[in-house]
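The values are calculated or read from the model by the stated rules, or taken from the named source; none is laboratory data. This one's a predicted model, so the numbers in the text were calculated from it and none came from an experiment. When we count neighbours, we look across all protein chains shown, and the Cβ atoms used for this are built from the backbone with ideal geometry, even at glycine. All accessible areas refer to the heavy atoms of the entire protein, side chains included, with ligands and DNA or RNA removed. Shrake-Rupley method; radii C 1.70, N 1.55, O 1.52, S 1.80 Å.
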Amino acid sequence: MIMLYIILGVIILACFAWLVYHQRKLRIRAHIMQEAIRNHDFTFRLPTRGMLFGERAMQETLNQMSETIRQEINQNEVESWERLTRVLTHEMMNATAPITSISQSLLGRPEVKDTPLEDGIQAIYETSKHLSEFVTSYRKMSQLEKPSLSEVALRPLLGDLSRTYPQLTWEIDVPFITVHADSGMLRQVLMNMVKNAIEAKAQKMVVKLMEQKTATLSYGSTKQVCLYVGNDGLPIPAEARQSVFVPFFTTKRSGSGIGLSLSRRMMLQQGGMLELAEQPRHGCRVGFVLTIRQIL
């Protein structure tokens, strides 16, 4: 009888010790998530192994919630930049149109012809014309049509892209899967990334399937296909990493700063995302993560 009480006591102590240890682990998890949210980092995904079924369901929900919050923040950021850009482009057009018109008129006057003033007025005219054309082209590009979503086979699309740019060495590791996307928009996003790589003097492009996340949204179960798109071109400076998707921001002398911001907007319209990879993979100096949606 005494031995039975001893065994029961040991079991109770073991259960109590496990409960204390388990609660400490939960407290550490809560602290990690709290710190991540405080630092506006919604990329955390904590493991669910070793948790009770109710705790596991809660952790899975929190993991998915962090992804949803991150997507909403990115969507709001893009919309904010779009509103600001719309106002700026409108004001720039109002300012440059009369300058272009007046300078063009002055160049046609005989008293300006073949005088020292002609070169200065010509420079004003060319600059204002170039600025007007730039704003007009951005307006056209930013007025995107609604995406026409369909099942798009990734492997043939990437194969066509590699044949379009044969000057690059391609490493494509993507199985034969289909995604739910707008074929034209997805192709344009990938082409923008390749053009950026070429401008950064890249010799090699790497496209690999990273992972597939399953989420439950209001319209059904969704699998998110994550592609890593990297190159060995010039690396993005550390101080510029936070601004690469900001409209008009560029580190190139001849760049417009439109390509990446427009590409992210096109991906968001398709229910996906375009982000800068935290760490480039082996053989790459620059890497992006392309998240594409697939309805199951």
inquiry  = Go through the range 269-282 and report how many residues are open to solvent by less than 50 Å² (accessible area, probe 1.4 Å), modelled with pLDDT under 85 and out of contact with any Lys or Arg (no Cβ under 7 Å at 6 or more places or on another chain).
reply    = 1
remark   = Among residues of the range 1-35 being in contact (Cβ under 8 Å) with a residue 12 or more places away in the chain and of a type outside the set (D, E, K, R), the residue surrounded by the most Cβ atoms within 10 Å (Cβ to Cβ) is 33
inquiry  = For residue 104, only one of the following conditions fails: (1) under 30 Å from residue 136 (Cα atoms); (2) open to solvent by 100 Å² or more (accessible area, probe 1.4 Å); (3) modelled with pLDDT under 80. What is its number?
reply    = (3)
key: Meets criteria (crowded, with 21+ Cβ neighbours inside 10 Å, within 28 Å of residue 166 (Cα to Cα) and at pLDDT below 90) for residue 260   = yes
The range 36-53: number of residues that are part of a helix (DSSP H, G or I) and open to solvent by 60 Å² or more (accessible area, probe 1.4 Å) = 3
key: Of residues in the range 156-182 being assigned to a helix (DSSP H, G or I) and open to solvent by less than 50 Å² (accessible area, probe 1.4 Å), the one nearest to residue 202 (Cα to Cα)   = 162
